[in-house]
Amino acid sequence: MHISVIGCGYLGAVHAACMAQLGHQVTGFDVDAAKISALQRAEAPFFEPGLPDLLAETMATGRLTFSTDPASVQGAAVHFVCVGTPQAENSNAADMTYVDAAVTALLPHLADGDLVVGKSTVPVGTAERLAEQVTAAQPGATLVWNPEFLREGFAVKDTLHPDRVVYGVPEGAAGESAAAVLDEVYAAPLSEGTPRIVTDYATAQLVKVAANSFLATKISFINAMAELCEATGADVTQLADAIGHDARIGRRFLNAGLGFGGGCLPKDIRAFMARADELGVDQALSFLGEVDAINGRRRERMVTLAEEELGGSVKGRRIAVLGASFKPNSDDVRDSPALDVATKLEELGAQVIMTDPEANANAKARRPQLAFVPSAQDAAEGAELILLLTEWQEFVDLDPEALADLVDTPRILDGRNALDPAAWRAAGWTYRALGRGKH
Ligand code: NAD
């Protein structure tokens, strides 16, 4: 099939490459010339495992091209809208200007029978509004909402082998034929038995924000338990193991630590609350305000712990921060807890030396006042305190004995409960972690 992908960021670039991998003819369009120029050279404009190889492979077949020309989408039968929906500057709501601009630019290029497929995460009601614009411009075109559930770090696998696909379609024949076209697009994953849910627009849009709200709530739940553990001397990791054995609860997403960040969960739960407010059902989601607040308190707690460990103040003290991305296997620093904590420490007068395997450049662009070095060893040199804030495997695998030789004082705060306390203490380190006692 001939497909266009509008917006080639973390979602769109991966989607475009994966659709080409599935055998489709794909044109990726983005307004960001630097991003498109990198993609035209088959270079991934961000870190995503497996994406560089996939780009090289699919572009060599001639099935995948990229352009900054809005007219390049012409001729495609299916247009995936993958542009950003960040938090608005002055409110919790989603900033819809990119989606609106993308759809407006697409309208003149639509042909009879085309499908416009929304993948961006949007406030419920958006699809209904855009559908009117699409049919007004081209009565033979149909809008579908097909939310995306990929995880950065696993984006290629998640796109090629999704755990479910959701189609929000209009009622009647138009909806049925739209679902049939999407079945053709996703023929390969569907043939693997991927569950497929065909529903209305509102449900499809809500599925995505409901899923992210649940995940955020699960993380904040265990982090609330961490606050209780800190107040009582209990151990949140053992508590999570114990409750996680209950299959109704499950152990995944129950890792206490510095909490969630990134370009999705924080802005999605806030936009969901803002939308519920508009719909007059704000009480239904008021708990998400607490989920957000618990998440924010973990960052403050990390700063307090650093102050405590350094005798009350971080001013003038050399602190190594391991990790800048919001999670391992990504270079995404949007709303990154690690970057947030590092920034607060620097504001309090600490000398912060940061390192991340992939996100140094992105973090430096946002926080030029922080110092960045290539490796954990460089960061540890002369440090009075180390903070592990993003659990990259290479940090988890650090040798506490070798690292102890580099630092000024062997003192570490584990913001992700990712290290083995016994091994670090045996190597002479003072080890503390969020949600766990001193010993
Ligand atoms: P992103 O910022 O990485 O990418 C958005 C891209 O859209 C950018 O490259 C930007 O230049 C481009 N763009 C903006 N306006 C445009 C226009 N008018 N025409 C063409 N391109 C335009 O964002 P992202 O992380 O890829 O997220 C995109 C959407 O997907 C968001 O709604 C997000 O919530 C959702 N989503 C993201 C993920 C994820 O893991 N990143 C997962 C699921 C859903």
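Quick check, is L385 hydrophobic (A, V, I, L, M, F, W, C) and surrounded by fewer than 20 Cβ atoms within 10 Å (Cβ to Cβ)? No, not satisfied. For region 93-115, name all the residues that are in contact with a Ser or Thr (Cβ under 7 Å, 6 or more places away or on another chain) and more than 12 Å from the ligand (Cβ to nearest atom). Scanning region 93-115 gives a single hit, L115. Here V303 does not qualify as in contact (Cβ under 8 Å) with a residue 12 or more places away in the chain, among the β-branched types (V, I, T) and in contact with an Asp or Glu (Cβ under 6 Å, 6 or more places away or on another chain).
How many residues, within region 280-299, are free of Cβ contacts under 8 Å to residues at least 40 places away in the same chain and open to solvent by 70 Å² or more (accessible area, probe 1.4 Å)? Total meeting the criteria: 4. Within region 1-23, at least one residue is open to solvent by 60 Å² or more (accessible area, probe 1.4 Å), touching a strand residue (DSSP E or B) at 6+ places or on another chain (Cβ under 8 Å), under 20 Å from L143 (Cα atoms) and not hydrophobic (A, V, I, L, M, F, W, C). Checked against the criterion of being at positive phi and away from the ligand (no atom under 14 Å from the Cβ), region 81-92 contains not a single residue that satisfies it. Within region 427-439, residues that are open to solvent by 40 Å² or more (accessible area, probe 1.4 Å) sit with their Cβ atoms under 6 Å from residues that are acidic (D, E), at 6+ positions apart or across chains, in these pairs: R436/D235.
Only residues that are more than 20 Å from the chain's Cα centre (by Cα) and within 13 Å of the ligand (Cβ to nearest atom): list them for region 1-24, please.
S4
The residues in region 359-369 that are open to solvent by 30 Å² or more (accessible area, probe 1.4 Å) and under 16 Å from K344 (Cα atoms) can be counted, and the count is 5.
When T27 is tested against (1) of a type in the set (S, T, Y); (2) within 16 Å of the ligand (Cβ to nearest atom); (3) open to solvent by 20 Å² or more (accessible area, probe 1.4 Å), only condition (3) is not met. Residue pairs whose Cβ atoms lie under 6 Å apart, separated by 6 or more positions or on different chains, with the first residue in region 89-108 and under 22 Å from V78 (Cα atoms) and the second assigned to a loop (DSSP other than H, G, I, E, B) and within 12 Å of the ligand (Cβ to nearest atom), are Y98/V83; Y98/G84; V99/V83; V99/S120; A102/V83.
Among the residues of region 126-150 satisfying the criterion of being touching a residue at least 40 places away in the same chain (Cβ under 8 Å) and within 15 Å of the ligand (Cβ to nearest atom), which is farthest from T194 (Cα to Cα)? Taking the candidates together, the pick is T126. Exactly one residue among A371, A376, A361, A383 is touching a residue at least 40 places away in the same chain (Cβ under 8 Å), under 27 Å from G263 (Cβ atoms) and assigned by TED's automatic domain parsing to the domain that holds M302, and that residue is A376.
In region 308-331, the qualifying residues are those that are open to solvent by less than 50 Å² (accessible area, probe 1.4 Å) and under 12 Å from E384 (Cβ atoms), and the one that is nearest to the chain's Cα centre (by Cα) is A320. Can you pull out the residues in region 30-71 that are open to solvent by 30 Å² or more (accessible area, probe 1.4 Å), touching a strand residue (DSSP E or B) at 6+ places or on another chain (Cβ under 7 Å) and in a helix (DSSP H, G or I)? Result: Q40, P70. Residues of region 344-358 that are closer than 21 Å to R317 by Cβ, within 24 Å of the chain's Cα centre (by Cα) and either surrounded by fewer than 19 Cβ atoms within 10 Å (Cβ to Cβ) or in contact (Cβ under 8 Å) with a residue 60 or more places away in the chain (or both): K344 alone. Restricting attention to region 219-256, and to residues there that are surrounded by 16 or more Cβ atoms within 10 Å (Cβ to Cβ) and hydroxyl-bearing (S, T, Y), which single residue is farthest from the chain's Cα centre (by Cα)? Residue satisfying both the conditions and the ranking: T237.
The values are calculated or read from the model by the stated rules, or taken from the named source; none is laboratory data. What you are looking at is a predicted structure, and each value in this text was computed from that prediction instead of being measured. Every residue, glycine among them, receives a Cβ derived from its backbone with ideal geometry; neighbour counts consider all protein chains shown. Surface accessibility is based on the protein's heavy atoms, side chains included, excluding ligands, DNA and RNA. Shrake-Rupley method; radii C 1.70, N 1.55, O 1.52, S 1.80 Å.
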